[in-house]
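S.K.: Take this structure, written in structure tokens, and hold onto it; I'll ask about it next.
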Amino acid sequence: MKNREDSGLLYHGSWVIVPFPDLAKGKANNDYGRGFYCTAEIGMAREWACKDGTDGFVNTYQLNKKGLSELNLADGTHTVLNWIAMLLKNRTFHLSSPLAADARDYLIAHFSLDPGPYDLVTGYRADDSYFQYAEAFVQNTLSLRGLGRALNLGRLGLQTALVSEKAFQQLRFVSAEPVKKERYYPKFIDRDISARMAWKNDVRVGRAYRDDLFVLDILREEIRNDDPRVQ
């Protein structure tokens, strides 16, 4: 008998029905590299199905997690710098200064985690709002404390990426639900606007503290992943 704790539902919002996800078809420049990206929050999946202003589908899957290894960036054992380093490694950022380029290279070298040994990666979803925060941090205009606060804005949730063939073998398509843009595209836009307004009115103008760490401090002091200041 299958242990219920080893199984769970995941949702993938898309403009098409995806009954047979394929690892080889995943884009290499996604947040955590090539994979199939889902969420455990069906409301989020509905919004993402309509994020381009079109009708879409929420694809529902059952994942048997038994025997699968997971890199969970939100489990309390990793830092926001691990997340941003993986993002810098896989996604395209606008880096307008030599400092930002140096910061990217340093963070990737010392904070990026290798998803290779894992079947699943769970972490923040890097939509446009999150890119704004990450870029501000790398440009040295946002502290590490401020970055942590910004990532809690907008209730943007977590995503789980299937990154191994083994994970795909244990994923079963359940159903596809049509989603109407008239209902869920405005929800997608409202969530993004909420995050941007909170960023503008709270985090960006928030108070800086003497012990705040900026990316320039991390570079100058050669701070590493085991430094308690980044925990």
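S.K.: How many of the residues in segment 1-49 are surrounded by fewer than 21 Cβ atoms within 10 Å (Cβ to Cβ), aliphatic (A, V, I, L, M) and either under 23 Å from Asn72 (Cβ atoms) or at pLDDT 95 or above (or both)?
M.R.: Number of matching residues: 8.
S.K.: For segment 93-110, state whether one or more residues are closer than 30 Å to Lys181 by Cα, free of Cβ contacts under 8 Å to residues at least 60 places away in the same chain and touching a Lys or Arg at 6+ places or on another chain (Cβ under 9 Å). Before the answer, list the steps.
M.R.: Taking segment 93-110 first, the residues closer than 30 Å to Lys181 by Cα are 93.
Remaining after also requiring free of Cβ contacts under 8 Å to residues at least 60 places away in the same chain: 93.
Among the residues that remain, those that are also touching a Lys or Arg at 6+ places or on another chain (Cβ under 9 Å) are: 93.
Yes: segment 93-110 contains one or more residues that are closer than 30 Å to Lys181 by Cα, free of Cβ contacts under 8 Å to residues at least 60 places away in the same chain and touching a Lys or Arg at 6+ places or on another chain (Cβ under 9 Å).
S.K.: Here's something else I'd like to know. Answer yes if at least one residue in segment 67-88 is without any contact (Cβ under 8 Å) to a residue 60 or more places away in the chain, on the phi > 0 side of the Ramachandran plot, in a loop (DSSP other than H, G, I, E, B) and not β-branched (Val, Ile, Thr), and no otherwise.
M.R.: Yes; the residues of segment 67-88 include at least one that is without any contact (Cβ under 8 Å) to a residue 60 or more places away in the chain, on the phi > 0 side of the Ramachandran plot, in a loop (DSSP other than H, G, I, E, B) and not β-branched (Val, Ile, Thr).
S.K.: Just to verify a result, which residue in segment 167-222, among those that are among the polar types (S, T, N, Q) and either at pLDDT below 85 or part of a helix (DSSP H, G or I) (or both), is surrounded by the fewest Cβ atoms within 10 Å (Cβ to Cβ)?
M.R.: Restricting to residues being among the polar types (S, T, N, Q) and either at pLDDT below 85 or part of a helix (DSSP H, G or I) (or both), the top hit is Asn201.
S.K.: Something else about it: Taking Gln159 and the conditions (1) under 24 Å from Ser96 (Cα atoms); (2) in contact (Cβ under 8 Å) with a residue 40 or more places away in the chain, which numbered condition does it fall short on, given that it satisfies the others?
M.R.: So Gln159 meets the others, but not (1).
Yes/no per residue for (1) at pLDDT below 90; (2) closer than 17 Å to Arg229 by Cβ; (3) buried (at least 19 other Cβ atoms within 10 Å of the Cβ); (4) within 13 Å of the chain's Cα centre (by Cα):
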site: Ala85; (1), (2), (3), (4): no, yes, yes, yes
site: Phe111; (1), (2), (3), (4): no, yes, yes, no
site: Tyr118; (1), (2), (3), (4): no, no, yes, no
site: Tyr130; (1), (2), (3), (4): yes, no, yes, yes
site: Ala134; (1), (2), (3), (4): yes, no, yes, yes
site: Thr141; (1), (2), (3), (4): yes, no, no, no
site: Gly148; (1), (2), (3), (4): yes, yes, no, no
site: Asn152; (1), (2), (3), (4): yes, no, no, yes
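S.K.: Considering only segment 157-166, how many residues are crowded, with 20+ Cβ neighbours inside 10 Å and either of a type outside the set (Ser, Thr, Tyr) or touching a helix residue (DSSP H, G or I) at 6+ places or on another chain (Cβ under 6 Å) (or both)?
M.R.: Summing the residues that are crowded, with 20+ Cβ neighbours inside 10 Å and either of a type outside the set (Ser, Thr, Tyr) or touching a helix residue (DSSP H, G or I) at 6+ places or on another chain (Cβ under 6 Å) (or both) in segment 157-166 gives 4.
S.K.: Being in contact (Cβ under 8 Å) with a residue 24 or more places away in the chain, surrounded by fewer than 21 Cβ atoms within 10 Å (Cβ to Cβ) and under 18 Å from Phe168 (Cα atoms), is that true of even one residue in segment 50-58?
M.R.: Within segment 50-58, not a single residue is in contact (Cβ under 8 Å) with a residue 24 or more places away in the chain, surrounded by fewer than 21 Cβ atoms within 10 Å (Cβ to Cβ) and under 18 Å from Phe168 (Cα atoms).
The values are calculated or read from the model by the stated rules, or taken from the named source; none is laboratory data. Keep in mind the model is a prediction, meaning the values are calculated, not measured. Every residue, glycine as well, gets a Cβ built from its backbone with ideal geometry; the counts of neighbours run over all protein chains shown.
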